[in-house]
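Beneath this line is the structure, given in structure tokens, with notes to follow.
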């Protein structure tokens, strides 16, 4: 039983190192093929590419490990809010919408789709 776990651990280690090498080479190749021509930046080495890969993981991906406090990954909170909104009365929904419109400044409200204020040019 112990031999199976040792083999699995070694395979994970080998594939992990191979993935890091491949991703580093891909980042280095794309950087050196595109950015010096487009932006006029210097080419980078493999180790710099690994550094950029690690930095992007820290800035954009995090290291997770289980619980995520927000974002699109936490679907439970969205479903809870959706259910709560569905259970509201029409008056409560309007009050909720008004509060959010006040908080957000009405930036994301949709424009009316009615044609009441459009003049008909062919009527003349």
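Values quoted throughout were computed directly from the atomic coordinates according to the rules given, and no laboratory measurement underlies them. Note that this is a predicted model, so its numbers are computed, not measured. Cβ placement follows ideal geometry from the backbone for every residue including glycine, while neighbour counts extend to all protein chains displayed.
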Exercise for review: Would you be able to tell me the number of residues in region 37-57 that are within 19 Å of residue 25 (Cα to Cα) and either assigned to a helix (DSSP H, G or I) or in contact with a strand residue (DSSP E or B) (Cβ under 6 Å, 6 or more places away or on another chain) (or both)?
Suggested key: 13
Study note, to complete from the structure: Matching residues in region 7-41 (surrounded by fewer than 10 Cβ atoms within 10 Å (Cβ to Cβ) and either touching a residue at least 12 places away in the same chain (Cβ under 8 Å) or at negative phi (or both)) number 3
